[in-house]
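Reading through the structure tokens given below for one structure.
The values are calculated or read from the model by the stated rules, or taken from the named source; none is laboratory data. Fair warning: this is a prediction, and the values are worked out from it, not measured in the lab. Neighbour counts run over all protein chains shown; Cβ positions are idealised from the backbone, glycine included. Ligands, DNA and RNA are stripped out before the accessible areas are found, and what is left, the full protein with its side chains, is counted by its heavy atoms. Shrake-Rupley method; radii C 1.70, N 1.55, O 1.52, S 1.80 Å.
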Amino acid sequence: MTITALRGTYDILPPQSYIWEKAESQARKMFALYGYSELRTPIIEQTQLFSRSIGENTDIVSKEMYTFADRKGRSITMRPEATAPVVRAYIEHKLYKDQSLCKFYYIGPMFRYERPQAGRNRQFYQLGTEILGTEHPYHDAESISLAVSYFKSLGIDNIVVKINSVGDAESKQKYNSILKNFFAGSLDTMCPDCNTRFEKNTLRMLDCKVPACKEIIKNAPPLNENLNDASKTHFESVLALLDKMKIAYEIEPRLVRGLDYYTNTIFEITHSHLGSQDALGGGGRYNNLIAEMGGPQTGAVGFAVGIDRLVIVLEKMTANNSTITAGSDLDLYILNLDNALFTDHAELLHSLRQHDIRADICTEQKSFKAQMRSANKANARFVLIQGQNERDNNIFKLKDMINGTEEDIKTINNNVDIDKLVERIRQS
RNA sequence: GUGGGUGUAGCUCAGUUGGUUAGAGCGUCUGGUUGUGGCCCAGAAGGUCGACGGUUCAAAUCCGUUCACUCACCCCA
């Protein structure tokens, strides 16, 4: 039996890899534009980091983590998300001492042990940002506007920004008890999931899709009417900034996220071309996490984009119009017509590449026609032809593959004037 | 973890009520007069029919088991 990639993991082959490169390089451009610096954290961390930050009772921690014991019996987990590691690094290196505000971005693989489906894998990729050391509503709005601008810069339309506020710690706690009181009487008519959620994460009952539960949820006291003044003001400021930036959004009072650390603003960006896993990105504010993890009491906000899902959308776009194309074309392809000349050609190839000419050489001894076919397949702009005939006449032939013409390039002792040749190739 | 769908050539897929040597298109390779690509034409290579077991004179086809892929639930990016 041949060895295959693990379930939920996959190889990214060309030409698909060009789409990934494009998505990532465009992200780096946008992050630079908005003043973010890259922060790379390890893929493995102490298990505690995630169980404490994301929440012991969340789905991610309770059933989806890649956790194992290392050779000394320590519990190690492959990161299921990047916010906790970034916060850990922020605290570990006391970055809050350098400046009041830190703006970071990250790009890399994350791991969750789930059943794979459209747009969901066990090793998946995220790019995202975190702004640490701020409670200012502007930074909530900037996170959203950055994500939206990034998608637009890739030519993606049809995105929907969904936004909500879960309020600060005080509001969350208060609303939680209001909800418990409300649902307590109806538990026996609600689904098993809702019954466990009632104990572990009451907020998420609002998100249930079972029809019978929905009926009951409809009459639940809405989240946004139970925010305290500070939370309400913060949320309104965020919305006002989005309005100023002309970023469209939908307020989703039932939007709840499955990570415990969120406070105040939470948001999600969805796209209609995706399957049932339609969230292209999401994020929110976490004002208490840094303090809970042993840092100063200071706020932060961030978002993450699922690159796998983004690539799905981009692929569907390129199927219609080819905005993003593969780019492995050659400037020059050197034929191999006579073994005695091969080392000369290899030497020439080497110096052409040192002059930034994209070039390659045929190493197979096959027919002229077959070598020309290879040159054509490699999408070479020019083909360099030299067999014994040309060698005897002290020339190379340079064939233009677009119009089919050939010209002679003079050689002395089978050396060309490399600068002239480079210039000639660049002209086209 | 639960449920549905699908496994035949490198890729996309045909394959009759079980019946000779399992096919097509695309791709690959080689030719179409001495050393010239694309287009066209010809030919070739390439398969343990996902794996294992069963029924049968005979299985890609029927049955069982298993694995993988895929979609959905849960949840998330």
31 Å Cα-Cα threshold exceeded, pairs from A:152/A:172; A:22/A:172; A:22/A:162; A:214/A:244; A:29/A:97: A:152/A:172; A:22/A:172; A:214/A:244
For chain A, with +1 on Lys and Arg beta carbons and -1 on Asp and Glu, the positive-most of A:17, A:107, A:283 along the dipole: A:283
Residue with peak Gaussian network fluctuation, chain A [Cα springs, cutoff 10 Å], from A:17, A:75, A:351: A:351
Neighbourhood charge, 10 Å Cβ-Cβ cut-off, centred on residue A:249 and excluding it, Lys, Arg +1 and Asp, Glu -1: -2
On Cα atoms only, tilt of A:83-92 relative to the major axis of chain A in degrees: 90
Positive-end residue, the stretch A:1-150 charge dipole about Cα centroid, Cβ charges, pick of A:141, A:31, A:66: A:66
Count of lysine pairs in the stretch A:330-427 with Cα separation under 16 Å (8 or more residues apart, or interchain): 10
Around residue A:397: net Lys/Arg minus Asp/Glu count, Cβ-Cβ under 10 Å: -3
Projected-area average for the stretch A:223-361 over all orientations - Cα convex hull basis, square nanometres: 16.4
Positive-end residue of A:370, A:393, A:332, charge dipole of the stretch A:330-427 with Cβ unit charges: A:370
Helix-only CD estimate at 222 nm, as mean residue ellipticity for chain A, using -39500 (n - 2.57) per DSSP H run (n ≥ 4): -11500 deg cm²/dmol
Candidate lysines - alpha carbon under 27 Å from residue A:94, same-chain residues fewer than 8 apart omitted: A:103
Residue among A:34, A:333, A:105 with the largest mean-square fluctuation in a Gaussian network model of chain A, springs linking Cα atoms under 10 Å: A:333
Per residue solvent-accessible surface (Å²) - the stretch A:235-274, probe of 1.4 Å: 46
Radius of gyration, Dmax [the stretch A:286-385; alpha carbons; angstrom]: 25.2, 74
Förster radius 30 Å - calculated FRET efficiency between residue A:4 and residue A:29, Cβ distance, rounded to 0.05: 0.25
Per-selection Kirkwood Rh - the stretch A:1-49 (Cα, Å, 1 d.p.): 14.4
Förster radius 30 Å - calculated FRET efficiency between residue A:427 and residue A:350 (Cβ-Cβ, nearest 0.05): 0.85
Neighbourhood net charge (12 Å Cβ-Cβ; Lys/Arg +1, Asp/Glu -1) for residue A:344: -2
Accessible area (Å², per residue) of the stretch A:330-427, counting only protein heavy atoms and a probe of 1.4 Å: 59
Average accessible surface area per residue within the stretch A:24-155, 1.4 Å rolling probe, Å²: 47
Antiparallel content of DSSP bridges confined to the stretch A:246-370, in %, to 5: 80
Gyration tensor verdict on the stretch A:330-427 (Cα atoms; rounded if a/c is under 1.5, prolate if a/b is larger than b/c, oblate otherwise): rounded
Value of relative contact order over the stretch A:9-91, rounded to a whole percent, pairs C-alpha under 8 Å and six or more apart: 28
Dipole moment magnitude, nearest 20 debye, the stretch A:216-369 about Cα centre, only Lys, Arg, Asp, Glu C-beta charged: 480
Chain A - charge dipole about Cα centre, Lys and Arg +1 at Cβ, Asp and Glu -1, debye rounded to 20: 760
Debye, to nearest 20: dipole size of the stretch A:152-211, +1 on Lys, Arg Cβ, -1 on Asp, Glu Cβ: 80
Computed FRET value (nearest 0.05) for residue A:16 with residue A:188, which takes r as the C-beta separation and R₀ as 51 Å: 0.50
Candidates A:84, A:359, A:212: whichever shows maximal mean-square fluctuation once chain A is modelled as a Gaussian network with Cα springs under 10 Å: A:359
Surface share of carbon and sulfur [accessible, 1.4 angstrom probe, percent] for the stretch A:112-216: 49
Volume per residue of the C-alpha convex hull in chain A, rounded to whole Å³: 224
Normalised contact order of chain A, rounded percent, pairs of Cα under 8 Å and 6 or more residues apart: 15
